[in-house]
Amino acid sequence: MVKEVHHHNHHESHLDMNVPEKKPKKRKVGLIIFLIVAMFILIGVFASFSSTNTNNQTTGNQPAGNQVAAGGNAKTYQLGEEIQAGNLKWKITSVATATQIGQDIAGTFFGEKTDGLFLIIDVEVENTANSAQYLMDSYAKLVDSQGREFSPDTAAALYLKPSGSAIIFEQINPGITKKGKIVYEVPEGVNSFNVKITSDLFTSNIYNIGITI
């Protein structure tokens, strides 16, 4: 009996000595590699936008007097005039207002209402570049006569008719003109606005289009 017990213990000890140690996963190394790759992607995005702005300034794509430096002194264009902002050519064709956007279905309203006004602009935006460009409603903000700035109301724009007519975020191929609407919520009693257009989110060039309601 003693030998059996001794033999059994010796076998367990032998097994314990041969069990390979588990190596810790190299999570930190993987995380570092991921961060490095992400950093290079961000550098590439910024470089692309910088290259686009440089090309616009040097190739003469913009009409004389259309490009405006940061800090104001922006020329004000009129409704229906075209503006070359970077690789996108903008034109506002009409302006409308409403106190609610949506529809009533079986006694229930589906949409957005405001205590002020929804100002709705109809725009045409053409991609004049040789490659696809991104268009965002944030490229066009509204400024009233008191200098207050209004961002697009995306939630209300989703209820516009016809469905899909809202410009929010999309890609436009070269030579294509996108027609759509952008919505802003503004207070009542203000009749004069500037639509402040920028060529992208990383530039300080400003193009103003004056509108009245």
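Only the coordinates and a few stated rules stand behind these numbers; no lab work does. All values derive from a computational prediction rather than experimental measurement. Note that each Cβ is placed from the backbone with ideal geometry, even for glycine, and that neighbours are counted across all protein chains shown.
Brief remarks follow.
- Dipole of the range 60-212, positive direction: furthest Cα of Gln171, Thr97, Ser131, with charges on the beta-carbon: Ser131
- Cβ-based net charge around Val195, under 12 Å, with every Lys or Arg adding one and every Asp or Glu removing one: -2
- Relative contact order for the range 60-212, counting Cα pairs under 8 Å that sit 6 or more residues apart, in percent: 29
- Unsatisfied cross-links (Cα-Cα over 21 Å) in the set Lys75/Lys196; Lys141/Lys181; Lys75/Lys179; Lys113/Lys196; Lys75/Lys181; Lys89/Lys113: Lys75/Lys179; Lys113/Lys196; Lys75/Lys181; Lys89/Lys113
- Fewest-first sequence of Val186, Val195 by Cβ atoms within 10 Å of each Cβ: Val186, Val195
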